[in-house]
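*Asks:* The structure under discussion is supplied below as structure tokens; questions concerning it will follow.
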Amino acid sequence: MLKERLKENYQKIIKFIGFVVFLAIAFRLFCNVTYLFRSVASMSRPHISGMKNEEKLDMVYVGGSAAYVYWQPLRAWNDCGFTSYNFATDAVQAENLKAYMKEVRTSQDPQLYVVDVRAFEYYGQEELDIREAGIRNGTDSLDITSPERYELLQKYFANRFPEEETDGLSFYLDISKYHTNTDNLGVELAWKYINNHGTSPNKGWEWIDSYAYLEEPEDFVTDERAELAENSRDLLEDLLAYCQKEELKVLFVVCPYHITKEQYAKYNTIGDTVKSYGFDYLNANDHYSDMELDFTTDFYNRNHVNLYGAEKYTAFLEDYICSNYFLPDHRKDAGYDSWDEDYQRFLEEKKGHAWSVRYLASEVKRGERIGARMRKTSQIAGWSILAEDERYTLLIATNGDFDWPNKIVDQNILAKWELMNGATDQIRVVSGEEMIYTNAQDGKKGYSGTLGTWQDITFHMGAGNNHCFLMIDDEEIPMGREGINVVVFDNNYRTIADTVFITCEDGELVVNR
């Protein structure tokens with residue numbers, strides 16, 4: 001009887017072990033399938049998973065795009081000899097930062113953290129909605145088994161107000177969102193993530209081949225302290241309390257960008273809070289001259305530097321770090337040969353990316369020359385060819401009746417703008433070959449929109465009762481002559497390139513100024 005009971009218990013144990021093994025295998029397969037089907041299009045994913053390939057990091061830069069297009073770890077290695085990494089994802093949210101620091105600590109023990117605080121300034125009333133991309137860039141890159149992933153999601157949903165159609169479960173079990181990504185089965189890169197192990201050869205840095213002309217911001221420095229959103233303040237203090245409790249060495253930074261006085265006032269409040277917890281704070285917008293930063297050459301939009309700006313920021317910040325912290329210099333240490341090799345590859349990559357940015361910059365500058373030619377051109381055919389370049393936005397409004405031209409070439413010009421014979425009070429917004437707006441369908445007498453490479457300059461135009469008008473950033477632009485009024489806006493320089501009114505004389509279109 002005893003032998004039979006022992007045999008029976010043995011069989012139960014074997015079955016239980018088999019069941020546990022089955023569950024472990026099933027869970028492992030579930031994780032692999034999830035990692036395989038996750039999107040590989042985002043540059044955020046290698047930043048998160050790539051850290052697993054790093055052996056020992058002296059400094060980790062935590063943040064968003066204001067980290068991974070600003071700080072060049074390999075350049076800092078060559079200049080100073082300490083190892084660093086950008087643990088950063090695009091459109092990072094304030095809730096992410098503490099979770100990212102905790103995730104870093106599961107595999108690394110850096111002597112210094114650098115934390116980008118822009119997410120706290122951005123946090124406002126409009127941020128209370130779910131910003132799916134910003135949160136998913138992180139949570140859909142972390143391991144399913146990461147406790148920080150679930151802590152982040154829990155805090156995020158506690159702070160935000162999801163709309164009824166928000167599928168909260170898909171954030172926790174993201175396979176429910178990505179199960180239709182069957183194309184990944186044929187994508188080599190997706191298979192490389194089967195264990196959620198990616199690579200970030202440049203240590204979380206990303207090349208961005210883009211350029212934008214900017215003018216240096218003025219009169220933004222203030223002693224005022226602006227109030228932070230309640231959630232933003234609570235999240236910042238929670239992060240600071242965590243860093244204080246864990247006795248972490250942290251430098252909180254604001255990278256240089258086209259800052260406003262309102263934003264600077266919020267950073268004053270953030271800086272005061274950071275310092276009250278005993279941590280260092282550095283607003284790089286106070287040091288444009290120290291960096292020799294040139295807004296006309298060093299940015300690709302108002303919020304991000306290009307590779308030239310990144311070099312200047314990295315040189316500035318590495319000097320600050322070397323002067324205020326004691327990070328080791330490994331350049332003569334054994335076991336760091338790969339960093340030298342990566343730096344040499346980094347320099348080779350730079351050549352191609354630098355050429356691309358220089359070309360884009362030259363193209364923007366070419367627009368200024370085109371604008372100068374346009375302002376000297378009175379022939380409609382030549383003028384329209386110059387004005388219809390995609391670098392410009394044409395704001396067109398007709399005032400009163402205008403005679404239809406007899407020449408086919410003139411008619412074709414009006415046809416491109418979708419202006420119609422006999423119609424009055426016509427409004428058109430055209431950029432290159434794209435018709436952005438026409439009131440031919442809705443019949444409205446006014447239209448409001450945005451202009452510029454970042455679409456943040458507002459305009460309002462109208463036509464009716466033998467009158468047309470245009471306001472750009474609350475400034476009235478002359479647009480009331482009889483005929484076809486056209487204002488040419490340079491999207492790159494964000495200025496008016498030309499203002500004309502076109503009439504029809506003796507059956508031909510004539511450009512007037």
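*Asks:* Output the 0 to 90 degree angle, nearest 10, between the alpha-carbon long axis of helix 2-37 and the longest principal axis computed from the alpha carbons of the chain.
*Replies:* The helix 2-37 is inclined about 20 degrees to the chain.
*Asks:* From the Cα trace of segment 441-513, what convex hull volume per residue do you get, rounded to a whole Å³?
*Replies:* Each residue corresponds to 117 Å³ of Cα convex hull volume.
*Asks:* At a 10 angstrom cut-off on C-beta neighbours, averaged per residue, how do the peptides 411-423, 79-91 rank from highest to lowest?
*Replies:* Top to bottom by mean Cβ count within 10 Å: 79-91, 411-423.
*Asks:* When a/c reaches 1.5 or more, the comparison of a/b and b/c decides; with that in mind, is segment 114-225 rounded, prolate or oblate per its Cα gyration tensor?
*Replies:* On the way: a/c = 2.17, a/b = 1.35, b/c = 1.61.
In terms of gyration-tensor shape, oblate.
*Asks:* Residues in segment 29-67, backbone N under 18 Å from the label point at Lys245 (7 Å along the Cα-to-beta-carbon vector): list them, ranges by number please.
*Replies:* none
*Asks:* Give the Debye-formula value of log10 I(q)/I(0) at each listed q (0.07 Å⁻¹), with one equal scatterer per alpha carbon of the chain, two decimals each.
*Replies:* Each listed q corresponds, in turn, to -0.53.
*Asks:* Just the number, please: Stokes-Einstein D of segment 184-334 in µm²/s, Kirkwood Rh from C-alpha pairs, 25 °C, 0.890 mPa s.
*Replies:* Answer, rounded: 134 µm²/s.
*Asks:* Counting other Cβ atoms within 10 Å, which GluC sites (Glu not before Pro) in segment 150-218 have at most 16 and lie in a DSSP loop?
*Replies:* Glu163, Glu164, Glu165, Glu215, Glu218
*Asks:* Taking only C-alpha pairs under 8 Å that are 6+ residues apart, what is the relative contact order of the chain in percent?
*Replies:* 14
*Asks:* With each run of n ≥ 4 DSSP H residues scored as -39500 (n - 2.57), what mean residue ellipticity at 222 nm is computed for the chain after dividing by its residue count and rounding to the nearest 500 deg cm²/dmol?
*Replies:* Computed mean residue ellipticity for the chain: -13000 deg cm²/dmol.
*Asks:* Next question. At 1.4 Å probe size, with every protein chain present, just tell me what the per residue accessible area of the chain comes to in Å². Write out the running numbers ahead of the final one.
*Replies:* Values: 24730 Å² over 513 residues.
Accessible area per residue, the chain: 48 Å².
*Asks:* Ok, one more. Tell me, what is the FRET efficiency for Glu230 and Lys56 to the nearest 0.05, using R0 = 60 angstrom and their Cβ-Cβ distance as r? Write out the running numbers ahead of the final one.
*Replies:* Working: r = 39 Å, r/R0 = 0.66.
Efficiency for this residue pair is about 0.95.
*Asks:* Given a 1.4 angstrom probe, I'd like the percentage of the accessible area of the chain that is carbon and sulfur, rounded to a whole number.
*Replies:* It is 50 percent, rounded to a whole number.
*Asks:* Taking loop as defined by DSSP and a crowding limit of 16 other beta carbons within 10 Å, which trypsin sites (Lys or Arg not before Pro) in segment 262-354 fit?
*Replies:* Listed in order of number, the matching sites are Arg331, Lys332.
*Asks:* A follow-up question, please. Along the principal axes of its C-alpha atoms, what lengths does segment 305-458 span, in descending order and rounded to whole Å?
*Replies:* Each principal axis gives a Cα extent; for segment 305-458 these are 81, 30, 25 Å.
*Asks:* May I pose another question? In whole Å, how far is the Cα centre of segment 305-338 from that of segment 243-277?
*Replies:* 21
*Asks:* Full-extension gain between Ser210 and His287, please, as 0.36 nm times their residue separation minus the C-alpha to C-alpha distance.
*Replies:* Using 0.36 nm per residue and subtracting the Cα-Cα distance, I get 25.4 nm.
*Asks:* I would also like to ask the following. Quick one: length gained pulling Leu29 to His353 fully straight, 0.36 nm per residue minus the C-alpha distance? Mind dumping the intermediate values first?
*Replies:* On the way: separation 324, 0.36 × 324 = 116.64 nm, distance 3.96 nm.
Full extension of this stretch gives 112.7 nm more.
*Asks:* Expressed in nm to one decimal, what extension gain is obtained for the pair Thr180 and Val221 from 0.36 nm per residue of sequence separation less their Cα-Cα distance?
*Replies:* Full extension of this stretch gives 9.8 nm more.
*Asks:* Please identify every one of the chymotrypsin sites (Phe, Trp or Tyr not before Pro) in segment 321-366 that sits in a loop by DSSP and has no more than 14 other beta carbons within 10 Å of its own beta carbon.
*Replies:* Phe326
*Asks:* Hey, what angle do you get for helix 307-324 against the long axis of the chain, alpha-carbon based, 0 to 90 degrees rounded to 10?
*Replies:* 40
*Asks:* If you wrap a convex hull around the Cα atoms of segment 17-84, how much volume per residue is inside, in Å³? Show your work: numbers first, answer last.
*Replies:* Numbers: hull volume 8.2 nm³, N = 68.
Residue-normalised Cα hull volume stands at 121 Å³.
*Asks:* Separate question: Cα gyration tensor of segment 376-434, axes a ≥ b ≥ c as square roots of the eigenvalues: rounded (a/c below 1.5), prolate (a/b > b/c) or oblate?
*Replies:* Taking the square roots of the gyration eigenvalues as a ≥ b ≥ c, segment 376-434 is oblate.
*Asks:* A further question follows. Obtain the nm distance between the two label points defined at Ser362 and Leu189 by a simple spin-label model: each point lies 7 Å from its Cα along the Cα-to-C-beta direction.
*Replies:* Taking the two extended label points, one gets 2.9 nm.
The values are calculated or read from the model by the stated rules, or taken from the named source; none is laboratory data. These figures come from a predicted structure and were not determined experimentally. Glycine gets a Cβ as well: all are built from the backbone with ideal geometry, and neighbour counts include every protein chain shown. These accessible areas exclude ligands, DNA and RNA; they are computed on the full protein's heavy atoms, side chains included. Shrake-Rupley method; radii C 1.70, N 1.55, O 1.52, S 1.80 Å.
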